[in-house]
Amino acid sequence: MADAQAIRDELASLAIEARDALSKATSEDEVEEARVRYLGRKGRLAQCMAAMPGLDASERPAVGQAANQAKAELNTLLDEAKQRLAREKAKAASAGFDPTMPGRAPAPGSLHPVTLVMEELCSVLQRLGFDVVSGPEIETDWHNFEALNMPPDHPARDMQDTLYVTDSVVLRTHTSPLQIRSMLATEPPVAVIAPGRVFRRDSDLTHTPMFHQIEGLLVDTASSLADLRGVLSSLCRQLFGPDTKLRFRPSFFPFTEPSVEVDISCSICGGHGGVGQDPCRTCKESGWIEILGAGMVDPEVFRHVGYDPERYTGWAFGLGIERVAMLKYGIGDIRMYFENDLRFLGQFA
Ligand code: PHE
């Protein structure tokens with residue numbers, strides 16, 4: 001014989017527990033869990049019902065009524081919990097936050113073409129034994145000009161449209177002051193490269209007021225232009241392909257003697273001056289493209305840094321990074337590098 005009081009107690013406590021569980025539910029899954037636990041086919045209410053037939057006939061109607069009441073109450077609690085969750089979800093969504101939305105993947109960035117070429121140049125030259133050095137972008141007139149054999153009023157200064165900070169301080173117009181700084185810092189042998197920003201008052205299709213150069217300097221007891229040619233050939237072949245040819249033309253820089261300008265065979269038309277019937281615009285049909293200035297370090301420069309020009313020889317070169325990147329990637333307008341247009345920058349990922 002089942003115990004009527006025990007069933008009543010169970011009905012009362014399951015109602016209290018269900019109310020507690022459903023008021024705390026924070027998801028539809030938790031509501032469903034509670035439904036199964038209290039109202040499911042094998043749930044606690046179903047177990048009370050199953051015990052009914054064992055009751056004394058006189059107690060059955062009252063206990064049955066209590067069970068029906070408990071069932072009605074459970075259904076109401078479930079509905080309320082579901083409505084509350086729906087309200088909360090709508091509120092969160094209208095506040096601009098929908099926790100059920102899938103996340104957005106962040107767009108990965110990519111390296112700037114100037115950075116890519118700079119890193120490639122550095123890694124090739126580092127493998128050839130050069131150390132990377134750097135120096136200030138705001139430079140003294142002495143490091144930028146005078147120690148490089150360009151005294152005040154030297155006409156060569158006119159070629160570099162200089163941005164002056166004060167009479168004796170400039171935004172460096174080239175990376176060549178790093179030749180001076182490196183030689184002042186150590187005794188020979190010296191083998192350094194110096195990548196960095198330089199500044200000139202200049203702006204058109206092929207010039208921006210800020211651009212990048214990489215300087216190379218080697219000083220030893222027996223260095224020659226032949227070594228320079230070997231290093232530059234190796235560099236250009238790795239950058240532009242194994243068939244790239246090099247051409248040295250005589251030139252002038254105050255800090256090198258002799259000085260050369262170095263051309264490579266045009267990477268666009270392969271040095272033929274044209275592609276099929278079309279003339280090559282990149283090299284203006286000449287088949288050659290100038291990419292850097294170089295030469296043997298002038299003895300006068302050695303004197304400025306306290307090196308003995310009778311004992312040491314050296315060579316230096318300076319190369320524009322943007323120009324190399326333009327050739328390598330076929331970019332026509334240098335200003336595109338600095339407009340921060342992601343449609344352009346995203347192509348180098
Ligand atoms: N500094 C020179 C320029 O900016 C390039 C150069 C560097 C030439 C080293 C010779 C030797 O034009």
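The values are calculated or read from the model by the stated rules, or taken from the named source; none is laboratory data. Since the model is a prediction, treat every value here as computed from it, not as a measurement. Using ideal geometry, Cβ is built from the backbone for each residue, glycine included, and neighbour counts are taken over all protein chains shown. With ligands, DNA and RNA removed, areas are computed over all heavy atoms of the protein, side chains included. Shrake-Rupley method; radii C 1.70, N 1.55, O 1.52, S 1.80 Å.
Partnerless cysteines in the chain, where a partner means another cysteine C-beta under 4.7 angstrom, comprise CYS48, CYS122, CYS236.
Under 5 Å from the amide H of SER251 lie the amide H atoms of SER259, VAL260, GLU261, each residue being 5 or more positions distant or on a separate chain, with H modelled from the backbone and absent for Pro and chain starts.
Highest-first packing order for the peptide set 183-193, 314-324 is 314-324, 183-193, based on the mean count of other beta carbon atoms within 10 Å. Of the solvent-accessible surface of the chain, computed with a 1.4 Å probe and all protein chains present, 52% belongs to carbon and sulfur.
Per residue, the chain exposes an accessible area of 55 Å² to a 1.4 Å probe, with every protein chain left in place. Could you work out how far the C-alpha centroid of region 152-195 sits from that of region 276-349, in angstrom? Value for the Cα centre distance between the two parts: 17 Å. Per-residue Karplus couplings for region 335-344, computed as 6.51 cos²θ - 1.76 cosθ + 1.60 with θ equal to phi - 60°, are listed in order as 5, 4, 4, 10, 8, 6, 8, 5, 5, 7 Hz, Gly and Pro entered as x.
Close lysine pairs were tallied over the chain: pairs 8 or more places apart or on different chains with Cα atoms under 20 Å apart number 10. Remark: relative contact order (region 113-348) = 21 percent; criterion is Cα-Cα distance under 8 angstrom and separation of 6 or more residues.
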